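The structure appears right after this line, and notes come after that.
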Amino acid sequence: MKKFTTFSLLAFATTAATAGFAHSASAAVDPETVFILNSLSFLLHGFLVMWMAAGFAMLEAGLVRTKNTAMQCTKNITLYAIAGLLYWVIGYNLMYSGVDGGYFGTPGPWAAADAQVTADGFVFNADESSYAAASDWFFQMVFVATAASIVSGTLAERIKLMPFLIFTVVLTGVLYPIQGSWSWGGGWLSGMGFLDFAGSTIVHSVGGWAALTGAIILGARRGKFNKDGSVNPMPGSNLPLATLGTFILWLGWFGFNGGSQLAMGSAADIVSIATIYVNTNIAAAAGVVVAVILTSIMYKKVDLTMALNGALGGLVGITAEPLAPSVGMAVFVGAVAAVLVVFTVPLLDKLKIDDVVGAIPVHLVCGVWGTIAVAFSNGDATFVNQIVGILAVGVFMVVTSGIVWLVLKTIMGLRPSEEDEDMGLDRAELGLEAYPEFGRGSQTI
């Protein structure tokens, strides 16, 4: 099932998504009621997704060292704001306006158009959308910042603020919308039959590819790896905060996946949303349990950070198709995702790729897995089409984000000085500390 519409959704008769994937019929319901309920679904689920921005901020703040905590909070609130502005200025129309089987839409500022709502009331028109245009824009906008948050976590503690924010402008305003137009915007991947219900590839792997490319170009944190290849652990400063961030993300994911049903105007839609909630929750639960069992076997101790990322890996994995699977299949998808997380984290260390929060295993590796797994439960998906979509998005993101990273590195540099990195980016870049009583502030008390 597709995710986002273009500009019209055949509302009253079928509540259909534009590329031919129809939602349930709601012919017995007044069209104005359908319009209200669909718009309400976008808005309610949208603010749950917006709440995920807080989850990313808390997760990252907990998994970095104290000297870089304020920087992660600064990056997360700013990238969310940038994503919203850029998606209004250029992103939405680049993703949806006039794609028509092609490779991108027509860039330009978005503006709401609700022709069926007039001064005389609601006038049903089957050619117009069955939801408020602004509710659709809001729901789609809150997805955009997720990709940038993934990059923020991976590159934490050793990237300067300004080049990161400039990259965020390009990612949220241009790169994300272009690849999103290929499928959700009715572009060439959609015509081929590629399916990604809520964004395992279109959102999560996009951030993962950009993060991986950036991590390779940027390099590891000072002192992370020794010359003999051994790893120096750099544990996070606040695991309770990271755990809270994970719970917030888990909650927000119900909006992420549930709202992607795109309609709430019939009983069948509500049943679908409820099914999506159950499968989303059960995949995350399976991810936690498998990560706990695996780490206790492999390391003789349970690793909390792996448990947290096991939950997130399960959530990313089920995102590509949270409606079609049985509950048992959702358990399988989440369990495999957790296995991938547990084994990919040490693999990255062996490759000397420094991923501070484990975002590459969670969002890239599990995003790829979840997109492939669609073919296990959705009869309209094929392994070939799913893999073609994964590769197309991956190649596009590696090439384009690599170019942007290298240009920024050449023009302004990506890394702070060694002295600034050792001091911490809170003091070096922001001139403040998240926990002043632990640093210089304690000397004045």
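Going by accessible area, probe 1.4 Å, with all protein chains left in place, what is the ranking of 296, 183, largest first?
Ranking 296, 183 by accessible area, largest first, yields 296, 183.
What's the angle, to the nearest 10 degrees (0 to 90), between helix 161-170's Cα axis and the longest principal axis of the chain?
Once rounded, one gets 20 degrees.
For segment 273-287, just list the computed ³J(HN,Hα) in residue order, Karplus coefficients 6.51, -1.76 and 1.60, θ = phi - 60°, integers in Hz, with x standing in for Gly and Pro.
4, 4, 4, 4, 4, 4, 5, 5, 5, 5, 5, 5, 4, 4, x
Please give the peptides 390-401, 231-242 ranked by average Cβ packing (other Cβ atoms within 10 Å per residue), highest first, as a rough proxy for protection.
390-401, 231-242
Given the C-alpha centroids of segment 315-346 and segment 113-133, what is the distance between them in whole angstrom?
If you average the Cα positions of each part, the centres end up 40 Å apart.
What's the FRET efficiency of residue 44 with residue 231 using the Cβ-Cβ distance as r and R₀ = 35 Å, to the nearest 0.05?
Plugging the Cβ-Cβ distance into 1/(1 + (r/R0)^6) gives 0.20.
Expressed as cubic angstrom per residue, what is the convex hull volume of the alpha carbon set of segment 92-149?
Taking the convex hull of the Cα positions in segment 92-149, it is 106 Å³ per residue.
In whole Å, largest first, what are the principal axis extents of the Cα atoms in segment 93-217?
57, 34, 23
Mind jotting down the distance between the C-alpha centroids of segment 136-199 and segment 204-282, whole Å?
Result: 14 Å between the Cα centres.
Return the equivalent ellipsoid semi-axes of segment 346-393 as a descending list in whole Å, where each equals the square root of 5 times an eigenvalue of the C-alpha gyration tensor.
They are 27, 11, 8 Å, listed largest first.
Could you compute how much accessible surface residue 30 exposes when probed at 1.4 Å, giving the result in Å² to the nearest 10?
80
Once you put a point 7 Å from the Cα of residue 423 and another 7 Å from the Cα of residue 347, both along the Cβ direction, what distance in nm separates them?
Here the answer is 3.9 nm between the modelled labels.
Can you tell which of 195, 89, 318 lies farthest toward the positive end of the dipole of the chain, using +1 and -1 charges on the Cβ of basic and acidic side chains (Lys, Arg; Asp, Glu)?
Among 195, 89, 318, the one farthest towards the positive end of the dipole of the chain is 318.
Put 387, 282, 82 in order of accessible area, largest first, 1.4 Å probe: what do you get?
387, 282, 82
If you count only protein heavy atoms and use a 1.4 Å probe, how large is the accessible surface of residue 224, to the nearest 10 Å²?
Approximately 20 Å² for this residue.
Send over a whole-number figure in Å² for the accessible area per residue of the chain, probe 1.4 Å.
Heavy-atom SASA per residue in the chain reads 37 Å².
Per residue of segment 87-101, what does 6.51 cos²θ - 1.76 cosθ + 1.60 with θ = phi - 60° give for ³J(HN,Hα)? Whole Hz please, x for Gly and Pro, Karplus curve as stated.
5, 6, 5, 9, x, 4, 5, 5, 8, 10, 8, x, 5, 6, x
Using the Cα centre of the chain as the reference point, and only Cβ charges (+1 on K/R, -1 on D/E), how large is the resulting charge dipole? Debye, rounded to the nearest 20.
Taking the Cα centre of the chain as origin, the dipole is about 1360 debye.
If you average 1/r over every pair of different alpha-carbon atoms in segment 181-307 and take one over that average, what Kirkwood value in Å do you get?
It works out to 18.2 Å.
Using a 1.4 angstrom probe on heavy atoms only, work out the carbon and sulfur share of the accessible area of segment 122-212 in %.
The computed percentage sits at 72.
Probe 1.4 Å, all protein chains in place: accessible area of residue 363 in Å², nearest 10?
Per-residue accessible area (residue 363): approximately 10 Å².
I need to check one value: relative contact order of segment 337-445, counting alpha carbon pairs closer than 8 Å and at least 6 residues apart, in percent.
Reported relative contact order: 14 percent.
Sticking with the crude label model, points 7 Å out along Cα→Cβ, report the distance from residue 120 to residue 376 in nm, one decimal please.
5.5
What's the ranking of 113-126, 31-44, 67-80, 416-429 by average number of surrounding C-beta atoms within 10 Å, highest first?
Going by the mean number of other Cβ atoms within 10 Å, highest first, we get 67-80, 31-44, 416-429, 113-126.
Quick check: convex hull of the Cα atoms in the chain, volume per residue, rounded to a whole Å³?
144
Could you give the radius of gyration (one decimal) and Dmax (whole number) of the Cα atoms in segment 30-147, in Å?
Rg and Dmax of segment 30-147, Cα atoms, are 17.8, 59 Å.
Residue by residue, what Karplus-based ³J(HN,Hα) values in Hz, rounded to whole numbers, does segment 139-152 have, using 6.51, -1.76 and 1.60 with θ = phi - 60° and x for Gly and Pro?
So the J values, rounded to whole Hz, are 4, 6, 4, 5, 6, 5, 5, 4, 4, 5, 5, 4, 5, 4.
Keeping all protein chains in place and using 1.4 angstrom, which order do 65, 158 fall into by accessible surface area, from largest down?
Largest accessible area first, the list is 65, 158.
Can you compute the FRET efficiency between residue 188 and residue 437 using 1/(1 + (r/R0)^6), with r the Cβ-Cβ distance and R0 = 51 Å? Round to the nearest 0.05.
So, using R0 = 51 Å, E works out to roughly 0.35.
log10 I(q)/I(0), Debye, Cα-only segment 298-408, no solvent, q = 0.16 Å⁻¹?
-0.80
The values are calculated or read from the model by the stated rules, or taken from the named source; none is laboratory data. It should be emphasised that the depicted structure is a prediction, and the values quoted were computed from it without experimental measurement. Don't worry about glycine lacking a Cβ; one is built from the backbone with ideal geometry, like all the others, and counts go over all protein chains shown. Accessible surface areas use protein heavy atoms only, side chains included; no ligands, DNA or RNA. Shrake-Rupley method; radii C 1.70, N 1.55, O 1.52, S 1.80 Å.
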